[in-house]
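One structure is given below, encoded as structure tokens.
The values are calculated or read from the model by the stated rules, or taken from the named source; none is laboratory data. In this text, all values refer to a predicted model and were calculated from it rather than measured experimentally. Please note: Cβ atoms are built from the backbone with ideal geometry, for glycine as well, and neighbour counts cover all protein chains shown.
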Amino acid sequence: MTVLILTSEEDVTADMVVLRLGEAGVPVVRLDPADLTNGVALSGEYVQGACRGHLSVGGRLVSMNGLRSIWVRRPGQAAARAAQPSAWLTEESDQALYGMLRSTDARWMNHPDAARRARHKPWQLRLAQRAGLAVPATLITTFPQAAREFAERFPDLVVKPVSGAHPQEPPRAVPTSRVAPDADFSAVAFGPTLLQRRVPKRADVRLTVVGERLLAARKPVDPGAHPDDVDVRFAPSVSPWLPAQVPPRVAEAVHRYMKCAELAYGAFDFAEDADGIWWFLECNQSGQFGFVEMDTGQPIAAAIAGWLAGDGDAVPSAGGDGDQAG
């Protein structure tokens, strides 16, 4: 049985998992949907009640019925590198590939339908509330007056993109920024704006969830850090990520979140305040983990490889035991 990894060739994070699968003797096929019709071929046959499909990658033929798991890591747009790419060819190729893969008995990390839904930040915030996680007061609005009233109630705010996307090509990360005290919010009318109460944090927390396993890392905020340096991705820091214990209530809530979201993998970001409360910021269903593993030595790649190879439960269950220590 083979593990299929859908990702780009440049994805060095996926290389870490491929290495672990190779060490375990698990067959792996790695392909980028962008290469469909240009180095990647597919075929599916539906005859007399039977379904058979095949993928060809670099001359290697793989039966879709022989897939044990599918890791949707960072795939490119289907057929983007075809000889004559077009929106029509992309849609046709996307429908063909993912439609055939949906017809297999393989388990997903993560299923495309669940992953697409999980990308929506408003949905994440509501699910986190329902799961029992602490969520900072948040407003998403195109009403300037609503933003002004929210700022009166919560004077210390940050602003961040709703989608995380960036209009430039290639896309760039958009930092979370602190809102100036004299902001008038008129520009809110031109696009949905996410405002959130700033959490005065003593540490950033990245909690990587693989099936039932919880692997937490904590990065203390530098004592001399400027209050405007609110985004850990861009803030200057000399502190490494360190393994951390997951508070039991947070662990239970995260398991509930994963079960309701139907995710097998998630990278949670929290802000830890002076009282030790972990405030939920987001859950990236395909978030990076390599930087955490390099700093902490946590076996995240091995955990993913084990899940893909068939270890553990396919669907996380609420309240189950996980790795409470990182």
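At a glance:
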read-out	value
For residue 32: the one exception among (1) touching a helix residue (DSSP H, G or I) at 6+ places or on another chain (Cβ under 7 Å); (2) farther than 14 Å from residue 307 by Cα; (3) at pLDDT 95 or above	(1)
Hey, residue 48 touching a residue at least 24 places away in the same chain (Cβ under 8 Å), out of contact with any strand residue (DSSP E or B) (no Cβ under 9 Å at 6 or more places or on another chain) and either farther than 27 Å from residue 266 by Cα or not assigned by TED's automatic domain parsing to the domain that holds residue 287 (or both) or not	no
Residue among 107, 197 that alone is over 25 Å from residue 265 (Cβ atoms), in contact (Cβ under 8 Å) with a residue 60 or more places away in the chain and surrounded by 12 or more Cβ atoms within 10 Å (Cβ to Cβ)	197
Search result, residues across region 104-123 that are outside any helix (DSSP H, G or I) and over 13 Å from residue 55 (Cβ atoms)	105, 107, 108, 109, 110, 111, 119, 120
Residue count for region 130-147, restricted to those that are surrounded by 15 or more Cβ atoms within 10 Å (Cβ to Cβ) and either at pLDDT below 95 or in a helix (DSSP H, G or I) (or both)	4
Pick from region 279-322, criterion modelled with pLDDT under 55 and in contact with a strand residue (DSSP E or B) (Cβ under 6 Å, 6 or more places away or on another chain), ranking: surrounded by the fewest Cβ atoms within 10 Å (Cβ to Cβ)	314
Selection within region 255-286 - acidic (Asp, Glu) and either not assigned by TED's automatic domain parsing to the domain that holds residue 209 or not in a loop (DSSP other than H, G, I, E, B) (or both)	269, 272, 273, 282
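Table: residues versus (1) more than 30 Å from residue 47 (Cα to Cα); (2) buried (at least 19 other Cβ atoms within 10 Å of the Cβ); (3) at pLDDT 95 or above; (4) not assigned by TED's automatic domain parsing to the domain that holds residue 268.
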{"position": "84", "(1), (2), (3), (4)": "yes, no, yes, yes"}
{"position": "97", "(1), (2), (3), (4)": "no, yes, yes, yes"}
{"position": "162", "(1), (2), (3), (4)": "yes, no, no, yes"}
{"position": "168", "(1), (2), (3), (4)": "yes, no, no, yes"}
